[in-house]
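As structure tokens, the structure follows; a few thoughts come after it.
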Amino acid sequence: MSDITDAARAILAFNDRGGYTVPTDALYPFQWNWDSAFVSMGFATFNIDRAYQELERLIEGQWDDGMLPHIVFHVPSDTYFPGPDVWNTHHRHHKKPTTSGITQPPVFGMALRYIYEIALTEGREDVLARTRLLFHAALRSHRWWMKVRDPEKRGLVAILHPWESGSDNSPAWDEALARVSTITKTEICRQDTKHVSAAMRPHHADYQRFIHLVEVYRECKWDPVKQWSAAPFKVADVQMTAILARATADLIWIASHLNLLDEINELSTIHRILLDGLRGRWRNNLRGFVSLDLISGKDIQKPTQAYFIPLIAIELDTYQHEAVQDEIERWCNGMIVGVPSTAPFSSDFESKRYWRGPVWAVINWLIVDGLCKNHLAELAAIIEGNTINAIERAGFREYFDPITGEGLGGNSFSWTAAAYLVLRHRLNNQ
Ligand code: DGY
């Protein structure tokens, strides 16, 4: 085992707060939904029990209606804003830890399959009951997604808040977010800029709109039907839909192993619906998949990493195959490390600001996975190698400047450590 693998494991240990892992100390002091799903896969490369525990702690926050919230506030901390008092969600999930009121990409199902597969190769038959319990939690959350976030049956699930996408200040949301008021009743006490330079974070006006949206939904008492009608921001997101579709395929795989026939049928229907929805979002002229602004009815054409995330779920046709390869190569041309989260030729590109250009190891992990699934192994290997090099050069930072390779944002970041462990694990097992 290399020193760097040791260091990645040490970061997960350092960020462990008792069976769950914070994304990083101080900046993100609670359990985050998709961070934990990625982290659990990192744990699975060396400690199966701890991997299961990460997901078990996450579902402690699951709402009665199946939603898996984006933050579980297991213990108080004053180093993050907005905390539980701003969300005020208690009544939605009785006798459980307090949580935020929105969700995040459902990587959970992908993680569960990954962990379960490793457990099986290690001959760990004892994980069956734990797998079954987590499978049913995931299934309830997928039902929630389909019912609550695709009520108009487009085969695409919608986000009602940019934080749900995980790509908070992506240029993809600029136009839709500009319609949201900057007026808030809540005093905005940002903590993030105390930990990280403001030049790398979303702008103040973004935060005003983020908090305005929280207030709109809080006034709906977090009732999903009321939220759907009241939402001033509503985007059918291809990245979210692709992750849900892929996680659904992974749940079908688990259900087959567990011999759960009704669940296989139910999930197969969901899977078909989502794949149909995704296929309709391809645009030849843009060489990628685009989200749909449900309020304006317009395509969101801004070139962001979301263009390529559907590869994790669908098989490209011959034309798309070549187009995607050319487009990713174009985005990476001249970069020390790709894939930038916003195309470098776009006027929105900022190489150091959060989701407006920097490279994220977990996004590259998904893109590598999607390229491999679509038989683009050579390009996948280049991106994988560059990601590993970027981490080895700059450390386990939150994200990386694609032009200089500099590590940016939070330090000792759990999901970057997990990405390193998983990408290395794959290389070692090839
Ligand atoms: C933040 O606070 O920066 C998060 O991305 C919201 O989840």
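Starting from the Cα-Cα distance between THR193 and SER77, subtract it from 0.36 nm times their residue separation and give me the gain in nm to one decimal.
In short, 40.1 nm is gained.
Using a cut-off of 22 Å between alpha-carbon atoms, which lysines can reach LYS95, once sequence neighbours fewer than 8 places away in the same chain are excluded?
In chain and number order, the partners are LYS221.
Once you charge only the Cβ atoms, +1 for Lys and Arg and -1 for Asp and Glu, what is the size of the charge dipole of the chain about its Cα centre, to the nearest 20 debye?
Dipole about the Cα centre, nearest 20: 780 debye.
Relative to the present Cα-Cα distance, how much length would full extension add between ILE295 and THR318 at 0.36 nm per residue of separation? Can you show the working numbers first?
Values: separation 23, 0.36 × 23 = 8.28 nm, distance 3.31 nm.
Working it through step by step, the gained length comes to 5.0 nm.
Could you tell me the largest-minus-smallest coordinate of the C-alpha atoms of the range 199-348 on each of the three principal axes, in descending order and whole angstroms?
51, 47, 28
Which three extents, in angstrom, do the Cα atoms of the range 20-82 have along their principal axes, listed largest first?
33, 31, 16
So how do ILE4, ILE11 line up by other beta-carbon neighbours within 10 Å, fewest first?
Working: ILE4 17, ILE11 25.
Least to most surrounded, the residues fall as ILE4, ILE11.
The range 44-132: D in µm²/s via Stokes-Einstein (Kirkwood Rh, Cα pairs, 37 °C, 0.692 mPa s)?
After rounding, the answer is 227 µm²/s.
Assuming a ≥ b ≥ c are the square roots of the Cα gyration tensor eigenvalues, decide whether the range 291-365 counts as rounded (a/c under 1.5), prolate (otherwise, with a/b larger than b/c) or oblate.
Taking the square roots of the gyration eigenvalues as a ≥ b ≥ c, the range 291-365 is oblate.
Grab the alpha carbons of the chain, take their convex hull, and tell me the volume per residue in Å³.
Numbers: hull volume 55.9 nm³, N = 430.
For the chain, the hull spanned by Cα atoms encloses 130 Å³ per residue.
What ranking do 202-212, 260-270, 117-127 get when scored by the average of other Cβ atoms within 10 Å per residue, highest first? The partial results should precede the final answer.
Details: 202-212: 18.3, 260-270: 16.0, 117-127: 13.6.
The densest-packed peptide leads the list: 202-212, 260-270, 117-127.
What net charge do the residues around ALA394 carry, taking every other residue with its C-beta under 10 Å from that of ALA394, with Lys and Arg at +1 and Asp and Glu at -1? Each step should come with its number before you reach the end.
Numbers: positive: ARG393, ARG397; negative: GLU392, ASP401, GLU406.
Counting the neighbours of ALA394, the net charge comes to -1.
List the residues whose amide H sits under 5 Å from the amide H of SER291, counting only those 5 or more places along or on another chain, with H placed 1.01 Å from N in the peptide plane.
Answer set, sorted by chain and number: VAL238, ILE300.
Name the residue farthest towards the positive end of the dipole of the chain from the options ILE4, GLY297, SER414, assuming +1 on Cβ of Lys and Arg, -1 on Cβ of Asp and Glu, about the Cα centre.
Toward the positive end, the furthest listed residue is GLY297.
D for the range 103-192, whole µm²/s, Stokes-Einstein with Kirkwood Rh over alpha-carbon pairs at 37 °C and 0.692 mPa s: what number?
200 µm²/s
Provide the per-residue ³J(HN,Hα) series for the range 202-218, in order, calculated from phi with Karplus coefficients 6.51, -1.76, 1.60 and θ = phi - 60°, each as a whole number of Hz, with x at glycine and proline positions.
For the range 202-218, the Karplus-derived couplings read x, 6, 4, 4, 4, 5, 4, 6, 4, 6, 4, 4, 4, 5, 4, 6, 5 Hz, x marking Gly and Pro.
Please work out the FRET efficiency for the pair VAL225 and GLU392, using the Cβ-Cβ distance as r and a Förster radius of 56 Å; give the result to the nearest 0.05.
Working: r = 49 Å, r/R0 = 0.87.
Once the sixth-power term is evaluated, E becomes 0.70.
In a shell of Cβ-Cβ distance under 11 Å around LEU294, excluding LEU294 itself, what net charge do Lys and Arg (+1) and Asp and Glu (-1) give?
0
Provide the net charge surrounding ASN47, with neighbours chosen by a C-beta distance below 13 Å and charges set as Lys +1, Arg +1, Asp -1, Glu -1.
Numbers: positive: ARG9, ARG50, ARG124; negative: ASP16, ASP49, GLU54, GLU122.
With Lys, Arg at +1 and Asp, Glu at -1, the neighbours total -1.
Given all pairs of different Cα atoms, what value in angstroms does the Kirkwood hydrodynamic radius of the range 252-312 take?
13.5 Å
To the nearest µm²/s, what D does Stokes-Einstein give for the range 297-430 at 10 °C and 1.306 mPa s, using the Kirkwood radius over alpha carbon pairs as Rh?
The estimated diffusion coefficient comes to 107 µm²/s.
Could you grab the Rg to Rh ratio for the range 127-284? Cα atoms only, Kirkwood for Rh.
Rounded to two decimals, Rg over Rh is 1.04.
Can you tell me the order of 245-254, 288-297, 72-81, 32-41 when each peptide is scored by its average per-residue count of other Cβ atoms within 10 angstrom, highest first?
32-41, 245-254, 288-297, 72-81
Every number in this text was worked out from the coordinates using simple rules, so none of it is lab data. These figures come from a predicted structure and were not determined experimentally. So basically every Cβ, Gly included, is an ideal-geometry build from the backbone, and we count neighbours across all protein chains shown.
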